[in-house]
Amino acid sequence: MYDVTALGEVLIDFTPSGHSEKGHVLFETNPGGAPANVLAALSRLNKKTAFIGKVGQDQFGHLLKCVLEDQKIDNSNLLFSETVNTTLAFVHLDEKGDRSFSFYRNPGADIMLEKDEIDEETIQQSRIFHFGSLSLTNEPAAAATFTALEYAQKHKVTVSYDPNLRIPLWRSHDEAKRQILKGFEYADIVKISEEELEFLTGYCDVAKGTEVLQEQYGTAVIFVTLGPEGCFYRSKHVSGQKEGYEVNVVDTTGAGDAFVGGVLYQFLEINKPLDHLTVADFEEMVTFANLMGALTTEGKGGIPSIPTIDQVERFLKRIPEKGRT
Ligand code: ATP
């Protein structure tokens, strides 16, 4: 039995790492990819996780298989493409540590996953199935993702969704919107950023935007991440906002994924149906998830900077209650 299985991209993030003597920008290779980052967060919180996806039969692909293993993420559903290389992403950081990406994926192995390669039993044996929108940009991975979602629905597995918006990966804004919204038809738990919410609903007001999504798709729980401001949450019965923590930001890569890891961890611990979650349950979830996100910004790269359960507990003990806004 797995606590969480995720499907999607595992790739190499090239993160800026100073300058050479000639003044050229240097890049450091970091393992990444949102669904893999979410599993790494859960694995560091001692949850049992499995990954479904594809890499290239190249050095990076083999490195990523080892990374999953090191993170104690089951990699038996990580497949190798003989013809297409591992997907690469270059991360560009602004002075606040905020990112933009250039993807090297024309194609990349992650979008070569086929529907016949999805193992129904792995999904059936999971308490939560998590996916993002990058596996929806191209075929055959989009069909593979929807097949996995059908299996999750068939076996009543809770579905978690992060509709990450990376516009350059889509052929048009309309296609991005249509396909990303299709993912909502399956999702029980959604984590979305303010920009993504505005793109999908036209509302920058988080209360209104989440209300519209919930009315249209019946999503049980929606979390809107607000960067340093923390997050907003809405279920069918309650809603609220929780401030973030003050930290020394180096690189925000992986903060949203660590946040998702924190939410799913707490959901598994609380162990109640989504519709029964109270304000107190949500407060516990978002306090923890905000901390997971905040601590992740203090280091470079996605997976390497996600905190362990010990780091989270040490931080919580050090900070007096008033600091835990
Ligand atoms: P992604 O683009 O990777 O999906 P995201 O936009 O959803 O990420 P962010 O809002 O950047 O995610 O970060 C997720 C969470 O991490 C926030 O809700 C917050 O709790 C925490 N966080 C992010 N940035 C900061 C920051 N500068 N200071 C404190 N906490 C932060």
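Normalised by 2.2 N^0.38 Å, where N is the number of residues, the C-alpha radius of gyration of segment 253-316 stands at 1.13. The phi-based Karplus calculation (6.51 cos²θ - 1.76 cosθ + 1.60; θ = phi - 60°) puts the 3J(HN,Hα) values of segment 234-243 at 9, 10, 6, 10, 9, 8, x, 9, 10, 5 Hz, whole numbers, x for Gly and Pro. Placing unit charges on the Cβ atoms of the charged side chains and taking the dipole of the chain about its Cα centre, the candidate lying farthest along the positive direction among Gly209, Phe146, Ser133 is Gly209. Here the 3J(HN,Hα) profile of segment 161-173, calculated from phi with Karplus coefficients 6.51, -1.76 and 1.60 at θ = phi - 60°, is 9, 10, x, 4, 9, 10, 3, x, 7, 10, 6, 7, 4 Hz, Gly and Pro shown as x. Near Asn85, the amide H atoms lying under 5 Å from its own belong to Ala109; only residues 5 or more places off or on other chains count, and H is placed 1.01 Å from N. A Gaussian network model of the chain, with springs between Cα atoms under 10 Å, assigns the largest mean-square fluctuation among Arg127, Arg166, Arg314 to Arg314.
Dipole check for segment 166-218: with +1 at the C-beta of Lys and Arg, -1 at the C-beta of Asp and Glu, and the Cα centre as origin, the magnitude is about 260 Debye.
When the alpha-carbon atoms of segment 193-325 are used, the pair Rg, Dmax equals 14.7, 43 angstrom. Comparing mean-square fluctuations of Phe259, Phe101, Phe14 from a GNM of the chain with C-alpha springs under 10 Å, the top value falls on Phe101.
Using only C-alpha positions, report the orientation-averaged shadow area of the convex hull of segment 87-214, nm², one decimal.
Values: hull surface 34.8 nm².
For the Cα atoms of segment 87-214, the hull's average projected area reads 8.7 nm².
Across the alpha-carbon atoms of segment 84-139, the computed radius of gyration and Dmax are 15.2, 46 angstrom. Straight-line cross-link reach from Lys54 at under 28 Å between alpha-carbon atoms covers these lysines, not counting any fewer than eight positions away in the same chain: Lys65, Lys72, Lys115, Lys154, Lys156, Lys177, Lys182, Lys191, Lys300. Seen from every direction in turn and averaged, the convex hull around the alpha carbons of segment 136-274 projects onto 9.2 nm².
Note that the chain shows a convex hull volume over its alpha carbon atoms of 132 Å³ per residue.
Stokes-Einstein, applied to the Kirkwood radius of segment 1-43 over Cα pairs at a viscosity of 1.567 mPa s and 4 °C, places its translational diffusion at 106 µm² s⁻¹.
Only the coordinates and a few stated rules stand behind these numbers; no lab work does. Quick caveat, the model's predicted, so the values are computed rather than measured. Note that we place each Cβ from the backbone using ideal geometry, even for glycine, and neighbour counts take in every protein chain shown.
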